[in-house]
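For reference, the structure I am asking about is given below.
The values are calculated or read from the model by the stated rules, or taken from the named source; none is laboratory data. All values derive from a computational prediction rather than experimental measurement. Because the Cβ atoms are built from the backbone with ideal geometry, glycine has one as well, and the counts that use them run over all protein chains shown.
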Amino acid sequence: MLIRKLFKFENAHVVRNCTSDRCKRSIHGHSYKVELILKASKLDHGQMVYDFGLLKGVIKELFDSFDHAICFWNQDDAEYIQACKKFSARWISLPVSPSAEQFSRIFFFLAQQVLKSTKTQNGEGDVDVYSVIVHETDTGYAQSFSEDIQNEQMGMLTLDSMEFSAQIQQEWSDMMMYDKLKRGEFFHNPNVELQVKVPS
């Protein structure tokens, strides 16, 4: 079974080496919509794949980090990267170019890492990311699947290869959240007191 959660954010970037002159030579922004699609082969005690309320935690905070931020490829011109860091308090350094295609991979990867590092408490099953769709405009989107994530040709993604500015980290409910994720520490979902006995 699949469920979908929609996230929205505003972001600026330059997409180097693309065909369009406007995209590759000028900073520009988009109103992004990100569809996170989760899958599971069983339902939890609330008869859900995954409670939507749980997606308002670490996953939402990481996705919201991209809001009103400028993203840049860490292989871009050093002077441009330094200007981004100097003139924007909210910036994210990425190991790949910030195209819609790469954003779909990045959000898939981040959500996947959080789910792997989460101790569930309500009988959740094999919850995993099925797909991520990133809408850059009303007319175009990019969609990634599990086979796209650790694809060397598309660029390797690791938690260590992404860097969030100090301003972004200060806005997290736990400033050490990303460091904990990198260290493999577990996040714990709330305990649930069952109101109705669940058949075994």
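Starting from segment 57-85, take each residue that is more than 15 Å from V15 (Cβ to Cβ) and list its partners that are assigned to a helix (DSSP H, G or I) and of a type outside the set (V, I, T), counting only C-beta distances under 7 angstrom and pairs at least six apart or across chains.
Close Cβ pairs (under 7 Å, with a partner that is assigned to a helix (DSSP H, G or I) and of a type outside the set (V, I, T)) amount to V58/M177; I59/A111; E61/M177; L62/L110; F63/F107.
Please verify whether Q102 is surrounded by fewer than 16 Cβ atoms within 10 Å (Cβ to Cβ) and under 30 Å from M1 (Cβ atoms), treating the condition exactly as stated.
On the way: surrounded by fewer than 16 Cβ atoms within 10 Å (Cβ to Cβ): no; under 30 Å from M1 (Cβ atoms): yes.
So Q102 fails the test.
Then there's this: For segment 123-150, what are the residues that are free of Cβ contacts under 8 Å to residues at least 12 places away in the same chain and either farther than 19 Å from A40 by Cα or in contact with a strand residue (DSSP E or B) (Cβ under 8 Å, 6 or more places away or on another chain) (or both)?
Filtering segment 123-150 down to residues free of Cβ contacts under 8 Å to residues at least 12 places away in the same chain leaves 138-139, 147, 150.
Across segment 123-150, the qualifying residues are D138, T139, Q150.
Return the only residue of A83, A111 being closer than 24 Å to Q153 by Cα, at pLDDT 95 or above, of a type outside the set (S, T, Y) and part of a helix (DSSP H, G or I).
Numbers: A83 fails: closer than 24 Å to Q153 by Cα.
Step by step, each of A83, A111 is checked, and only A111 is closer than 24 Å to Q153 by Cα, at pLDDT 95 or above, of a type outside the set (S, T, Y) and part of a helix (DSSP H, G or I).
Same structure again: Can you find, within segment 30-65, the residue that is nearest to D174 (Cα to Cα) among those that are surrounded by fewer than 16 Cβ atoms within 10 Å (Cβ to Cβ) and among the hydroxyl-bearing types (S, T, Y)?
S31
Scan segment 1-57 residue by residue and report those that are among the basic types (K, R), over 16 Å from the mean Cα position of the chain (by Cα) and not in a loop (DSSP other than H, G, I, E, B).
Step one: filter segment 1-57 for residues among the basic types (K, R), giving 4-5, 8, 16, 22, 24-25, 33, 39, 42, 56.
Still in the running and over 16 Å from the mean Cα position of the chain (by Cα): 16, 22, 24-25, 39, 42.
Matches in segment 1-57: R22, K24, R25, K39.
Take E61 and decide whether it is under 16 Å from the mean Cα position of the chain (by Cα), assigned to a strand (DSSP E or B) and at pLDDT 95 or above.
Numbers: under 16 Å from the mean Cα position of the chain (by Cα): yes; assigned to a strand (DSSP E or B): no; at pLDDT 95 or above: yes.
No, not satisfied.
Same structure again: Quick one: in segment 86-108, which of the residues that are among the small types (G, A, S) and not in a strand (DSSP E or B) is nearest to H188 (Cα to Cα)? Full working, then the answer.
Step one: of segment 86-108, the residues among the small types (G, A, S) are 88-89, 93, 97, 99-100, 104.
Checking which are not in a strand (DSSP E or B) leaves us with 88-89, 97, 99-100, 104.
Values: S88: 33, A89: 30, S97: 33, S99: 32, A100: 31, S104: 26 Å.
It comes out as S104.
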